[in-house]
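The values are calculated or read from the model by the stated rules, or taken from the named source; none is laboratory data. Just so it is clear, the model here is predicted, and its values are computed rather than measured. Note: ideal-geometry Cβ built from the backbone for every residue, glycine included; neighbour counts use all protein chains shown. The protein model used for the area step is the full one, side chains on, heavy atoms only, and it has no ligands, DNA or RNA in it. Shrake-Rupley method; radii C 1.70, N 1.55, O 1.52, S 1.80 Å.
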Amino acid sequence: MKCFLIASVLVATCVHVQAQEKMKPEDTEFWEPVPKKVTVEGENKVPSDAIVLFDGSSLDAWVSSKDKSAAPWTVEDGIFTVKPGSGGIETKQKFEDYQLHVEWRSPLVIKGEGQGRGNSGIFMQGLYEVQVLDTYNNKTYVNGQAASIYKQHVPLVGVVREQGEWHSYDIIWTAPRFNQDGSVKEKARITVIHNGVLVQNNVELDGTTEYIGLPKYEAHGAGPISLQDHGNPVSFRNIWIRPL
Ligand code: MG
């Protein structure tokens, strides 16, 4: 039996090698479909196929999360800033899978401690938070620091910048999929690059972001990108998305 197996493997290997030798380079070349052409230009380096969610001039693409009225945050000098107490904002458009680019800055005036300092957040589909926090010389639980998937995944490294400096997040989001009966077919997955450094590597989420208690899934469809009002005047600029 053993000899037969070894002989079979040898024959299979021999056939494979012969097939390889008969092949031409062209046999493994694909010419179609040709990928769509994209250019990346301008100061903000926005891909030509991206949907711009904030270009520095207005919050027209956003509404208040509370009552869907005009987004109440402050737009000034090409950036916008959380208006503490006014509530979160979200995109009018809903998305499922995407690549998202967001730039943010902690408040210039250092105020508060831990989760109370420069806290905001970017919610995928309005439900799953990538934390925004001033983590410069500011201790907090590590699954709640900047670039954590809040209360689920600690970033691989803590990318630090002083207050007043801009950060970038490049996020690749794969939405969860649900069965007809509402059960989870595939959990959500996320990759986050913080200031060019990989901090979340295609990690799986166990459900929606919960402040108290464990994450859980409830079937849903496409959802907005939402930004958190946590009472701190965090600023944002240059936001774009590429639905996938
Ligand atoms: Mg937050």
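Post the alpha-carbon centroid distance, the range 57-73 to the range 159-199, in whole angstrom. Cα centres, the range 57-73 to the range 159-199: 23 Å. Summarised in one figure, the compactness ratio Rg/Rh of the range 150-244, Cα atoms and Kirkwood Rh, is 0.98.
GNM on the chain, alpha-carbon springs under 10 angstrom: the most fluctuating residue among Ile171, Ile89, Ile110 is Ile110. A DSSP coil position with no more than 14 other Cβ atoms inside 10 Å describes the following GluC sites (Glu not before Pro) in the range 38-107: Glu43.
For the range 31-243, a/c is less than 1.5, where a ≥ b ≥ c are the root eigenvalues of the C-alpha gyration tensor. That puts it in the rounded class.
So with the 1.4 Å probe, I'd like the accessible area per residue for the chain, rounded to whole Å².
Ligands and nucleic acids excluded, the figure is 57 Å² per residue.
In percent, rounded to a whole number, the relative contact order of the chain is 26, using alpha-carbon pairs under 8 Å and six or more apart. Taking Leu100, Leu227, Leu156 as the candidate residues, the one with maximal mean-square fluctuation in a Gaussian network model of the chain, Cα springs under 10 Å, is Leu156.
Ignoring ligands, DNA and RNA, please state the percent of accessible area on the range 31-243 from carbon and sulfur, probe 1.4 Å.
51
Once Rh is set to the Kirkwood radius over Cα pairs, what Stokes-Einstein translational diffusion coefficient, in µm²/s, holds for the range 72-130 at a temperature of 4 °C and a viscosity of 1.567 mPa s? The estimated diffusion coefficient comes to 96 µm²/s. Full extension of the segment from Glu21 to Lys111, taken as 0.36 nm per residue of separation minus the current Cα-Cα distance, would add 25.5 nm. Restricting attention to the range 40-183, the count of lysine pairs at 8 or more positions apart or across chains with alpha carbons under 15 Å apart stands at 5.
In a simple Cβ point-charge model (Lys, Arg +1; Asp, Glu -1; nothing else charged), the chain has a dipole of about 480 debye relative to its Cα centre. Summing charges over neighbours of Asn137, with a neighbour being any other residue whose Cβ is under 15 Å away from its Cβ, gives 0 when K and R count +1 and D and E count -1.
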